[in-house]
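Chemist: I have a structure here, written as structure tokens, and I will follow up with some questions on it.
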Amino acid sequence: MPEKHNKLLVKNMVCQRCIITVYQILTRLNIPYRKIALGEIELSRKLTADESKLLEADLNKTGFELIESRIHRTVEAIKRAILEYINLGMESQDLKLSSFIIKKIPNDYS
């Protein structure tokens, strides 16, 4: 399991094109990563302060934003769950949206 400091949450990553854009930013900045997914970057190592500033600036230029607070992380996790639910299509949605979110997010739904 990756260390917590190696996982970055990114606001406004909602499609495959967003993943490609983040990939291009990481490649250009020569920042090693393990995985890029909607709303998440799993890094291979902890970033230096300079790398962090450069990455944040480049993400901001393209409309993305690093998520720092617990509330923002929860909101983004819910957004990702909703997008995943929508992408399942009507025939594959055997759970109510609220049940799907509860299954995906390890927080108290209330």
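The values are calculated or read from the model by the stated rules, or taken from the named source; none is laboratory data. This structure is a prediction, so every number in the text was calculated from the model and none was measured. Neighbour counts are summed over all protein chains in view; Cβ atoms, including those assigned to glycine, are modelled from backbone coordinates with ideal geometry.
Conditions tested, residue by residue: (1) small (Gly, Ala, Ser); (2) under 12 Å from the mean Cα position of the chain (by Cα).
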residue	(1), (2)
ALA49	yes, no
PHE64	no, yes
ASN87	no, no
ILE105	no, no
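Chemist: Okay, moving on. Given the residues THR74, THR27, THR62, which is the only one that is under 15 Å from LYS11 (Cβ atoms) and at pLDDT 90 or above?
Modeler: After ruling out the rest, the residue left standing is THR62.
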